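Everything below concerns the one structure shown next.
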Amino acid sequence: MMPIRDVVIFPYMMTPFVVGRESSVRALEEALSGDKKIFLATQHDASVDEPRPDEIYNIGTVANIVQSLKLPDGNIKVLVEGVERAKIVSVSEEEGFFRSVVKTYNFRVEAGAQLDALISRVTALFEQYVKLSQNLNYETMIAAIRVDEPGKLADTVGANLQLTIEEKQELLEIFDPVDRLTRVAEMLDIEIEKLNMDRTIQGRVKRQMEKAQKEYYLNEKIKAIQKELGRGEKSEFDELKKKIENAGMTKDAFEKAMAELKRLENMPPMSAESTVSRNYLDWMLAVPWKKKTKEIRDLNHAQKVLEGDHYGLEKIKERILEFLAVRQLVKEPKGSILCFVGPPGVGKTSLGMSIAKATGRKFVRLSLGGVRDEAEVRGHRRTYIGALPGQILQMMKKAGTKNPVFMLDEIDKMSTDFRGDPSAALLEVLDPEQNYMFMDHYLDVEYDLSQVFFIATANVMHTIPPALQDRMEVIRLSGYTELEKLEIAKRFLVPKQKEQTGLDENAIEFTEPGLTELISHYTREAGVRNLEREVGNVCRKVARKVVVAQVKNETAEKVTVKPATVNELLGPQKFRDQLAEKKNQIGATTGLAWTEVGGQILTTEATIMEGRGKLTTTGKLGDVMQESAQAAMSYIRSRAQKLGLARDFYRHLDIHLHVPEGAIPKDGPSAGITIATSIASALANIPVKATIAMTGEITVRGRVLAIGGLKEKLLAAHRQGLTEIVLPRDNEKDLPDIPEYIRKDMALHFVDSMDEVLKLALEREIEPLAIAPAQSVDMPRPAEENITH
């Protein structure tokens, strides 16, 4: 008997193994010297080198030794064939090996349908098992099980199953062939189920490995191609990761960018989604997160820059210098948000560029005129095809720093429709308490705008939502005076246009009277844009003369631009002085109006005729102005006796009120006292002084209320040569804004009531009518010279 380990020998099976233990070698040699029969029994524990009889299974297999070969290391390789199973009766140890007495059993099996069915089932199961197993040759195994004897079939199948030593020993110990075959069928079911599960898992793993191998192969290909192109072997993803780490992003932005990078690495390079992710990462890296411009905080430098770029605008310059002074005292102040409001051409946009120059910051400009989509400010979400960040972040990318001067131009010209209200989106941008966590829909992370110097520009305020107005410090830029325009033309406009047209000092020279002629009779504006255009027009005509002279080989004469020269080059005057009247007139009063291009004088005419008390207004007057006419009429009716009129004077006449230039719409309450003065003059038949102008709102009780646009109105009056101005007393506080030379050239009368206005405006004082309340008088006849009105 020879104990074997890690193997169970079945009858009818040819099994090779190596014998190395001394006791096993002696037992093998003893068998070889005799009938070559040996009893093989498996030991319980394979790690035991010299097992005792009780450590060996008592059922084994009697086998014939077919071949044996002694190896150089002293071991013997042996091939045995199982003959039959046997049970140990007794074991003895002789001369260093075991000798045993065994008992064999012979079972006779009766054929029948049940046995045939069992054999067929085992055969079919084993065929299925062989197909699933990758370790067995299909043809060999199928040939081996083509037997009719159930015991031999069970042993053949059992020997080729992937079973544990314990399970194989269990089969060996079943002597009844039918029972053994039944147990083999059960084991086959279990093993086939395992193989099916293994095959499913293996298929899944194989597909994943094939995909991973394909990606690995392609990535290696890409690296090789890039190496051939001289781009190095460094991965693009490594470069992106390094850029993200060095970008200085906030914690949330960094985590989102790294998560997006990880998604991008797992995507096929040619997929549409990878393009979206790559664009997103490019935008995250393009926006400045930590880069700042070193700010110039020198007040002297800033003042020098502002004075060199702009003439006048003292309030604006003071505000900028105050801002820089605060920056010197506070290390991290909140960003300022200014709004320049003024007519076109006064230098709002260029002033923003000067501020950037004075502070050493980058300058970006975003025009909001006509913007009506909220996504223009906040951007589109990435779910949309072609989505991009909003204009705010696009401009920040253009600036390249997180503290630029950011100009929001024409903020009053935004509109709204079904796509949203962009002015509502700007509420967060222009709020210092919120803009440090501005959220763009595309990036979907918080971005700090608190260090940006926002400057908004507008022509009017009434189109800007109140909530947006509340977030900005409004600084008003009124129109320039003629003297300021003259100085601006000499310092900036003339040199600029000379350079652009290629003229030098020997070709053209502008005189002050010539520039004054351009300002007064060829432009009518609050700013200087049209003035620059007209100066350029003069320069181009002179440039043409210079070129014609050069063609003729002649020397062009120097052109000195005087008023007559301007008329010759540009033709007749485009604008005439709108001085109301050359002499005092009845029912004609000079008023002052404000327009988007500056101040203007406006003559108001009133005439009376027989009728039934109707008040007619013409001249394209707005609702507010018509209500002012009604208020003026009510005042005059209530003061009829003091104005020398009967109480029921209105029953016998109609009053026609007209404001010339009827094609131009007019509105506003500031013409109230002008209308009342014209009506009172026409009714009292007393002329109004031609050298006096007025502006003010009237109430039905005759009170005079404050108005706006005082500086522009006084500039217009001064331009037209008026010497006396009647103003509401509440506007006396605005005098510091008026240039000193205007205050010296004009007599400014501040009044509280309409009675004071009439005393100042009419040639003579009205004498009250001392008559009974019920008595009426004849309608006053207009003077001969007033017939045309």
Unmet criterion (only one of (1) under 48 Å from the mean Cα position of the chain (by Cα); (2) buried (at least 22 other Cβ atoms within 10 Å of the Cβ); (3) touching a residue at least 40 places away in the same chain (Cβ under 8 Å)) for Val566: (1)
Strands (runs of 3 or more DSSP E) (entirely within region 564-677) containing at least 3 residues that are closer than 30 Å to Val460 by Cα: 588-595, 598-610
Selection count where residues are at pLDDT 75 or above and in a loop (DSSP other than H, G, I, E, B), scope region 121-134: 1
Leading residue by the ranking (farthest from Arg381 (Cα to Cα)) among those in region 252-285 that are at pLDDT below 80 and touching a Ser or Thr at 6+ places or on another chain (Cβ under 7 Å): Pro268
Selected residue (criterion: modelled with the highest pLDDT) from residues of region 728-747 that are assigned to a helix (DSSP H, G or I) and of a type outside the set (D, E, K, R): Asn731
Those strands (runs of 3 or more DSSP E) lying entirely in region 8-119 with at least 3 residues open to solvent by 60 Å² or more (accessible area, probe 1.4 Å): 14-19, 59-70, 76-94, 97-104
Where a residue in region 345-361 is touching a residue at least 60 places away in the same chain (Cβ under 8 Å) and its partner, wherever it lies, is open to solvent by 10 Å² or more (accessible area, probe 1.4 Å) and among the polar types (S, T, N, Q), with Cβ under 6 Å and at least six apart: Arg361/Thr293
Filtered residues of region 617-635 (kept if small (Gly, Ala, Ser) and either in contact with a strand residue (DSSP E or B) (Cβ under 8 Å, 6 or more places away or on another chain) or surrounded by fewer than 15 Cβ atoms within 10 Å (Cβ to Cβ) (or both)): Gly619, Gly622, Ser628, Ala629, Ala631, Ala632
Qualifying residue in region 665-674 (condition: polar (S, T, N, Q) and at pLDDT 90 or above): yes
Region 371-404: number of residues that are open to solvent by 50 Å² or more (accessible area, probe 1.4 Å), closer than 28 Å to Lys291 by Cβ and touching a residue at least 40 places away in the same chain (Cβ under 8 Å): 6
Test: Ile725 is at pLDDT below 85 and closer than 17 Å to Ile673 by Cβ: no
Extreme residue, farthest from Val130 (Cα to Cα), among residues of region 226-244 that are surrounded by fewer than 12 Cβ atoms within 10 Å (Cβ to Cβ) and at pLDDT 75 or above: Lys242
Criterion (over 60 Å from the mean Cα position of the chain (by Cα), open to solvent by 40 Å² or more (accessible area, probe 1.4 Å), closer than 19 Å to Met13 by Cβ and of a type in the set (D, E, K, R)) met by exactly one of Asp148, Asp179, Asp155: Asp148
Residue match in region 733-741 (condition: over 21 Å from Gly479 (Cβ atoms), of a type in the set (Val, Ile, Thr) and surrounded by fewer than 21 Cβ atoms within 10 Å (Cβ to Cβ)): no
Residue satisfying all of: in region 598-616; of a type in the set (Val, Ile, Thr) and farther than 30 Å from Gly342 by Cα; surrounded by the most Cβ atoms within 10 Å (Cβ to Cβ) among these: Ile608
Number of the condition not met by Ile320 [criteria: (1) at pLDDT 85 or above; (2) within 24 Å of Glu740 (Cα to Cα)]: (1)
Odd one out for Arg278, checked against (1) open to solvent by less than 60 Å² (accessible area, probe 1.4 Å); (2) over 23 Å from Tyr480 (Cα atoms): (1)
Only listed residue being more than 33 Å from the chain's Cα centre (by Cα) and basic (Lys, Arg), chosen from Lys317, Lys290, Lys211: Lys211
Qualifying positions in region 159-176 - part of a helix (DSSP H, G or I) and either open to solvent by 10 Å² or more (accessible area, probe 1.4 Å) or over 16 Å from Ile59 (Cα atoms) (or both): Ala159, Asn160, Ile165, Glu166, Glu167, Lys168, Glu170
Elements of type strands (runs of 3 or more DSSP E) contained in region 405-524, each with 1 or more residues being modelled with pLDDT of 85 or more and open to solvent by 30 Å² or more (accessible area, probe 1.4 Å): 473-476, 508-510
In region 715-730, the residues that are closer than 18 Å to Leu602 by Cβ and surrounded by 14 or more Cβ atoms within 10 Å (Cβ to Cβ): Leu715, Ala716, Ala717, His718, Arg719, Gln720, Leu722, Glu724, Ile725, Val726, Leu727, Pro728
Residue that is out of contact with any Lys or Arg (no Cβ under 6 Å at 6 or more places or on another chain), over 30 Å from Ala86 (Cβ atoms) and among the small types (Gly, Ala, Ser), where the choices are Ala159, Ala212: Ala212
Residue list for region 647-664, restricted to those being aliphatic (A, V, I, L, M) and loosely packed, with under 15 Cβ neighbours inside 10 Å: Ala663, Ile664
Of all residues in region 683-714 being open to solvent by 10 Å² or more (accessible area, probe 1.4 Å), assigned to a helix (DSSP H, G or I) and out of contact with any helix residue (DSSP H, G or I) (no Cβ under 7 Å at 6 or more places or on another chain), the one that is farthest from Met633 (Cα to Cα): Glu712
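The values are calculated or read from the model by the stated rules, or taken from the named source; none is laboratory data. All values reported here derive from a predicted model rather than from experimental measurement. Methodologically, a virtual Cβ is constructed for each residue, glycine included, from the backbone with ideal geometry; neighbour enumeration extends over all protein chains shown. Side chains are part of the model used for accessible areas, which takes the heavy atoms of the whole protein and leaves out ligands, DNA and RNA. Shrake-Rupley method; radii C 1.70, N 1.55, O 1.52, S 1.80 Å.
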